[in-house]
Amino acid sequence: VQAAGGYVNAYTSFDRTVYWIDTPADGYETCLDVLCDVVSDSQLPEEEFIKEAEVIRREFAMSDDNPDQVLSKLLFRTAFTENPCRHPVIGHLDLFNQLTRDDLAAYYHRQYSPDNLFFVIVGDVDTEQVQAQVTEHLGALTRRRRRHHEVIPAEPRQLGCREIYEAFPTELSRTELAWHIPDVSHPDMPVLDLLASIAGGGRSSRLYRRVRSELGLAHGVSAYAYTPAHAGLFIVGADT
């Protein structure tokens with residue numbers, strides 16, 4: 001990928017895993033080949049599993065030492081009682097330590113199925129040519145036997161305020177307030193996204209100018225709407 005002038009990375013959020021490459025248009029064929037190989041033919045050798053598992057364990061430790069991530073995990077654990085968002089994306093260390101290479105391979109071969117996958121390609125490329133190349137790479141990929149509809153439990157209506165506090169050895173106190181909002185398909189979601197931008201989206205936002213610049217009550221303040229496929233939160237945060 002680097003030889004083609006590109007940059008490759010990946011991430012997992014609550015409802016998706018994404019592999020992405022940014023590359024000059026004349027290097028996209030190499031990078032497309034890499035991405036197709038990732039989602040269709042990863043070998044997952046045991047030695048790589050062992051090495052990368054140690055990387056993930058360090059990520060667990062780093063997360064516990066990061067006050068912003070600690071705050072985020074506390075927020076979602078408090079806001080949700082039934083929805084899986086109450087669990088951190090990285091999972092739980094005691095369960096991770098039970099994972100084997102065969103567990104990982106079984107998950108990969110079950111979930112990395114054409115009906116659970118989509119490609120997005122944007123740039124100075126020929127659409128028909130790209131479609132032909134994706135078909136050439138992935139046309140033989142067969143659907144896997146898997147549970148097609150994971151049941152996400154509905155979050156019970158919250159009837160009262162919930163609060164949680166945790167001491168952390170840092171000079172700043174970090175606070176987040178959150179309200180439940182609908183999922184991303186609700187017609188109000190564009191309005192809530194716009195409201196979050198007006199209220200706390202950068203230094204020109206209402207909250208930043210009033211709370212930080214005029215009143216000097218916080219070191220920083222922000223707002224955003226988190227809107228996945230199932231349940232969301234409207235969040236306002238401040239550092240003092």
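The values are calculated or read from the model by the stated rules, or taken from the named source; none is laboratory data. Owing to the predicted nature of the structure, the values given are computational and were not obtained by experimental measurement. When we count neighbours, we look across all protein chains shown, and the Cβ atoms used for this are built from the backbone with ideal geometry, even at glycine. Surface accessibility is based on the protein's heavy atoms, side chains included, excluding ligands, DNA and RNA. Shrake-Rupley method; radii C 1.70, N 1.55, O 1.52, S 1.80 Å.
HIS186 meets all of the listed conditions (1) over 19 Å from the mean Cα position of the chain (by Cα); (2) under 25 Å from PRO156 (Cβ atoms); (3) open to solvent by 80 Å² or more (accessible area, probe 1.4 Å) but one, namely (3).
Quick one: would you say GLU150 is without any contact (Cβ under 8 Å) to a residue 24 or more places away in the chain and either in a loop (DSSP other than H, G, I, E, B) or not acidic (Asp, Glu) (or both)? Considered against the rule, which asks whether it is without any contact (Cβ under 8 Å) to a residue 24 or more places away in the chain and either in a loop (DSSP other than H, G, I, E, B) or not acidic (Asp, Glu) (or both), GLU150 comes out as yes. Within region 6-24, is even one residue surrounded by 14 or more Cβ atoms within 10 Å (Cβ to Cβ) and part of a helix (DSSP H, G or I)? No: region 6-24 contains no residue that is surrounded by 14 or more Cβ atoms within 10 Å (Cβ to Cβ) and part of a helix (DSSP H, G or I). Screening TYR208 against (1) among the aromatic types (Phe, Trp, Tyr); (2) at pLDDT below 95; (3) over 21 Å from LEU74 (Cα atoms) leaves a single unmet condition, (2).
Being surrounded by 12 or more Cβ atoms within 10 Å (Cβ to Cβ), within 23 Å of the chain's Cα centre (by Cα) and free of Cβ contacts under 8 Å to residues at least 40 places away in the same chain is a property that SER197 has.
Can you find a residue that is of a type in the set (Gly, Ala, Ser) and over 22 Å from ASP65 (Cα atoms) anywhere in region 184-192? Can you show your working first?
Start the filter on region 184-192 by keeping residues that are of a type in the set (Gly, Ala, Ser), which leaves 185.
In the following step, the residues that additionally are over 22 Å from ASP65 (Cα atoms) were identified as 185.
Among the residues of region 184-192, at least one is of a type in the set (Gly, Ala, Ser) and over 22 Å from ASP65 (Cα atoms), which makes the answer yes.
With the requirement that a residue be aromatic (Phe, Trp, Tyr) and within 30 Å of ARG86 (Cβ to Cβ), what does region 1-47 give you? Matches in region 1-47: TYR11, PHE14, TYR19, TRP20.
Have a look at HIS87, HIS109 and point out the one that is farther than 30 Å from THR175 by Cα and under 22 Å from the mean Cα position of the chain (by Cα). Spell out how you get there, then give the answer.
Working: HIS87 fails: farther than 30 Å from THR175 by Cα.
HIS109 is the lone residue from the list that is farther than 30 Å from THR175 by Cα and under 22 Å from the mean Cα position of the chain (by Cα).
The residue that is nearest to SER213 (Cα to Cα), counting only those in region 169-183 that are surrounded by fewer than 15 Cβ atoms within 10 Å (Cβ to Cβ), hydrophobic (A, V, I, L, M, F, W, C) and in contact (Cβ under 8 Å) with a residue 60 or more places away in the chain, is LEU172.
Do we find that VAL221 is β-branched (Val, Ile, Thr), touching a strand residue (DSSP E or B) at 6+ places or on another chain (Cβ under 6 Å) and free of Cβ contacts under 8 Å to residues at least 24 places away in the same chain in this structure? In short, yes.
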